[in-house]
Amino acid sequence: QYSFKEVFGMQVEQKELFDVVAKPLVEDLIRGKNGLLFTYGVTGSGKTHTMTGSPGAGGLLPRCLAMIFNSIGPFQAKRFVFKLDDKNGVDVQSDVDALLERQRREALPIPKTPAGKRQLDPEFADMIDVQDQCRAEEVDEDNVYGVFVSYVEIYNNYIYDLLEEAPFDSVKPKWNSCNTPVRNGDFVPPQSKILREDQNHNMYVTGCTEVEVKSTEEAFEVFWRGQKKRRIANTQLNRESSRSHSVFIIKLAQAPLDADGDNVLQEKEQITLSQLSLVDLAGSERTTRTKAEGNRLREAGNINQSLMTLRTCIEVLRENQLYGTNKMVPYRDSKLTHLFKNYFDGEGKVRMIVCVNPKAEDYEESLQVMRFAEVTQDVEVARPMDRPLCGLTPGRRLRNQAFREELSRKLELRGGPLAAGPEEKSAAEMFFQSFPPLPSCELLDINDDQTLPKLIEALEQRHKMRQMLAEEFAKNVLAFKTMLQEFDSSVASKENYIQGKLAEKEKTITGQRTEMERLEKKIKTLEYKMEILEKTATIYEEDKRNLQQELESKSQKLQRQASDKRRLEARLQGMVAETSLKWEKECERRVAAKQLEMQNKLWVKDEKLKQLKAIVTEPRAERPERPSREREREKALPRSVSPSPLP
């Protein structure tokens with residue numbers, strides 16, 4: 001049994017997989033963070049299907065592209081406003097420079113189809129027909145965006161550009177002077193791309209083709225063009241087995257608008273370049289099952305070696321994290337791990353999809369894959385910091401758009417262009433048009449007595465109107481002065497009120513500052529006390545450790561003495577038992593000897609009694625001569641055999 005953050009069944013939809021796994025990576029990409037997503041598993045387990053999809057059910061890659069362009073569609077910069085350099089950086093151009101570059105590119109003799117009339121390849125038209133219209137929630141509307149895509153593959157530990165227009169050929173053998181291939185099997189690898197490190201210590205592929213795209217269809221068409229060049233082969237386990245690791249890189253450049261919300265801010269420091277790498281790993285396989293030979297065997301060896309290096313890097317990272325060691329991670333042992341070194345060092349979020357084929361033949365390989373994938377969940381890397389703010393007011397684009405709409409509306413109302421100073425000029429025109437028109441002042445005849453009276457009458461009317469306007473102006477000035485005085489008085493009262501409030505606030509602030517100083521002093525005192533207590537606790541801990549060590553040594557000594565005592569008691573018990581047994585035997589022997597001696601004495605007494613009885617009962621007719629003691633001693637009486645001793 002193995003545990004993972006998410007487990008998807010065999011009938012899971014591509015949309016559900018995308019929402020859980022890839023959607024957070026796309027949202028991070030739009031926020032300016034990097035992301036890495038790769039599929040891992042045994043050959044034939046469905047990695048390419050998961051990444052690319054099938055007709056009618058687009059995979060993770062087309063859905064990521066659709067979400068990006070659905071989110072930033074109305075905020076995209078014009079083509080060539082962003083320009084990538086050769087050192088993994090990006091520059092920003094003005095609209096004029098971008099227009100000149102577009103015209104220069106259009107003048108080149110390359111047939112191009114307009115974006116609106118592009119005919120999609122029927123092979124992938126159904127894959128990018130995503131109906132759900134997924135969007136990112138937080139998109140900065142005051143930025144402009146540009147999307148660049150590139151597509152490379154890692155084949156036999158060499159990196160090749162799949163979007164390069166040069167003829168694409170695999171490894172070529174050496175040829176000798178007789179125009180026959182060399183027999184020793186040595187091969188010359190074709191020219192591959194080189195990995196370099198930029199000024200921010202990020203790895204990138206030098207000289208890789210990066211295409212600026214403006215729609216999901218255009219981006220997927222670029223991907224499909226490179227997908228046709230990717231190396232696949234027919235093996236015993238998979239009819240179209242991927243023989244290389246493919247890496248589709250989506251770069252998103254974004255820069256803020258200027259303060260007017262009209263043009264891109266021409267500061268390189270404010271440009272944010274984030275990238276999302278979608279990696280379709282080649283499957284691990286056993287050559288004994290695939291029956292690989294020649295090039296297929298060589299490819300399988302390089303695939304397994306790169307996957308083993310990936311596994312080693314993950315295990316070393318996990319060991320450094322668990323045990324606090326600082327072992328060197330062998331990123332450079334493989335181009336795959338070297339390219340994504342920054343992700344494992346914490347320069348973005350990494351997600352891995354493990355594809356498993358529930359075939360009995362793949363049991364051992366599937367166990368190895370899941371064991372490695374479960375270990376990778378324990379590896380944690382640092383997360384990058386958020387990008388700095390540009391310091392401009394948000395909502396610039398919307399305000400600029402509203403201003404343009406209002407300006408165009410006024411132009412439509414006036415029916416012509418709006419000149420500078422519209423308020424003042426329109427008031428002056430209205431003022432002069434309100435006066436009566438002056439009559440013709442030409443005197444063609446000396447007897448003309450109508451022109452001058454008409455002119456005098458018109459001037460008098462104008463004078464009266466001017467006086468009326470002057471009186472009205474004086475009234476308005478007086479009213480305005482009154483309003484100003486009232487406003488001044490109200491401002492003065494408000495100033496006094498504000499001054500009083502400010503004085504109260506200052507008193508409050510002064511009191512709070514005093515309280516803060518008192519608290520700071522108290523904090524310093526408490527910190528000093530804490531430091532003393534920590535030192536005392538350290539001393540007590542040291543004494544406690546010493547006492548514990550002494551206690552442990554004494555307890556060990558007591559245990560040794562107890563064991564010695566037990567051994568001595570056992571030895572004494574053995575000696576006591578042995579001595580008691582010995583004395584029991586000796587006592588028995590002595591008792592037996594004593595019994596024998598007593599029996600002999602009894603027998604002698606019995607004999608003597610018998611003899612005495614015989615003497616007493618014998619008739620006294622003849623008294624025998626009493627033998628002397630010497631003769632009795634010489635003549636020894638025969639003795640009967642003594643009875644055997646009692647047991």
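The values are calculated or read from the model by the stated rules, or taken from the named source; none is laboratory data. If you're wondering where the values come from, they're calculated on a predicted model, not measured in any experiment. Heads up, the Cβs are rebuilt from the backbone with ideal geometry, glycines too, and the neighbour counts pull from every protein chain shown. Note: accessible area is taken over every heavy atom of the protein model, side chains too, but ligands, DNA and RNA are not part of it. Shrake-Rupley method; radii C 1.70, N 1.55, O 1.52, S 1.80 Å.
If a residue has to be over 14 Å from Leu162 (Cα atoms), open to solvent by 40 Å² or more (accessible area, probe 1.4 Å) and either modelled with pLDDT of 90 or more or of a type in the set (S, T, N, Q) (or both) to count, how many in segment 176-196 make the cut?
Selection size over segment 176-196: 7.
Checking Leu322 against (1) open to solvent by 40 Å² or more (accessible area, probe 1.4 Å); (2) part of a strand (DSSP E or B); (3) among the aliphatic types (A, V, I, L, M), which test does it fail?
(2)
Quick check, is Thr312 more than 21 Å from Val205 (Cβ to Cβ), in the same structural domain as Met370 (by the TED database), out of contact with any Lys or Arg (no Cβ under 6 Å at 6 or more places or on another chain) and of a type in the set (Val, Ile, Thr)?
Against the criterion (more than 21 Å from Val205 (Cβ to Cβ), in the same structural domain as Met370 (by the TED database), out of contact with any Lys or Arg (no Cβ under 6 Å at 6 or more places or on another chain) and of a type in the set (Val, Ile, Thr)), Thr312 qualifies.
For Lys5, only one of the following conditions fails: (1) surrounded by 15 or more Cβ atoms within 10 Å (Cβ to Cβ); (2) within 25 Å of Tyr343 (Cα to Cα). What is its number?
Exception for Lys5: condition (1).
I need a count of the residues in segment 47-71 that are under 25 Å from the mean Cα position of the chain (by Cα) and open to solvent by less than 30 Å² (accessible area, probe 1.4 Å).
Going through segment 47-71 one residue at a time, the tally reaches 15.
Against the definition (closer than 30 Å to Pro394 by Cα, modelled with pLDDT of 50 or more and open to solvent by 10 Å² or more (accessible area, probe 1.4 Å)), how does Glu165 come out, yes or no?
Spelling it out, it is not the case that Glu165 is closer than 30 Å to Pro394 by Cα, modelled with pLDDT of 50 or more and open to solvent by 10 Å² or more (accessible area, probe 1.4 Å).
Which of (1) under 17 Å from Tyr155 (Cα atoms); (2) touching a Lys or Arg at 6+ places or on another chain (Cβ under 7 Å); (3) modelled with pLDDT of 80 or more does Gly283 not meet, given it meets every other one?
Here Gly283 meets the rest and fails (3).
Could we say that Gly44 is part of a loop (DSSP other than H, G, I, E, B) and crowded, with 18+ Cβ neighbours inside 10 Å here?
yes
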